[in-house]
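This report refers to the structure that appears directly beneath it.
Just so it is clear, none of the values below were taken in a lab; they were calculated from the coordinates. Computed from a prediction, not measured in an experiment: that's the story for all the values here. Cβ placement follows ideal geometry from the backbone for every residue including glycine, while neighbour counts extend to all protein chains displayed.
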């Protein structure tokens with residue numbers, strides 16, 4: 001998957017990410033992947049649902065992957081953080 005087809009979800013407002021997805025799809029990209037970790041996971045789900053329900057009804061959720069990533073903090077301690085990948089495809 002090319003790197004430009006990935007939208008990393010962070011702390012910005014949901015509509016910023018919705019706009020990024022809609023822009024990519026309107027530019028001819030057939031598949032877009034939303035990636036998020038930790039508290040941003042719910043925002044990634046919101047982005048996928050808003051794109052599907054309000055902007056591009058013909059886009060489908062092709063796959064959802066969940067995982068746990070181990071992040072080493074400043075003090076050297078490791079913390080587990082949940083991660084999600086939502087693959088959207090326009091037919």
task: Quickly run through the range 38-63 and pick out the residues that are in a strand (DSSP E or B) and touching a helix residue (DSSP H, G or I) at 6+ places or on another chain (Cβ under 9 Å).
output: 59, 60, 61
field: Condition broken by residue 11, with the remaining ones in (1) in a helix (DSSP H, G or I); (2) touching a residue at least 12 places away in the same chain (Cβ under 8 Å); (3) more than 9 Å from the chain's Cα centre (by Cα); (4) under 23 Å from residue 82 (Cα atoms) satisfied
entry: (1)
message: Cβ-Cβ under 8 Å, sequence separation 6+ or interchain: first residue in the range 54-78 and on the phi < 0 side of the Ramachandran plot, partner part of a loop (DSSP other than H, G, I, E, B). Which pairs?
response: 58/91; 60/91
query: Going by the conditions given, is residue 33 closer than 19 Å to residue 89 by Cα, surrounded by 16 or more Cβ atoms within 10 Å (Cβ to Cβ) and free of Cβ contacts under 8 Å to residues at least 40 places away in the same chain?
result: no
query: Has the range 64-85 got any residue that is touching a strand residue (DSSP E or B) at 6+ places or on another chain (Cβ under 7 Å), surrounded by 13 or more Cβ atoms within 10 Å (Cβ to Cβ) and in a loop (DSSP other than H, G, I, E, B)?
result: no
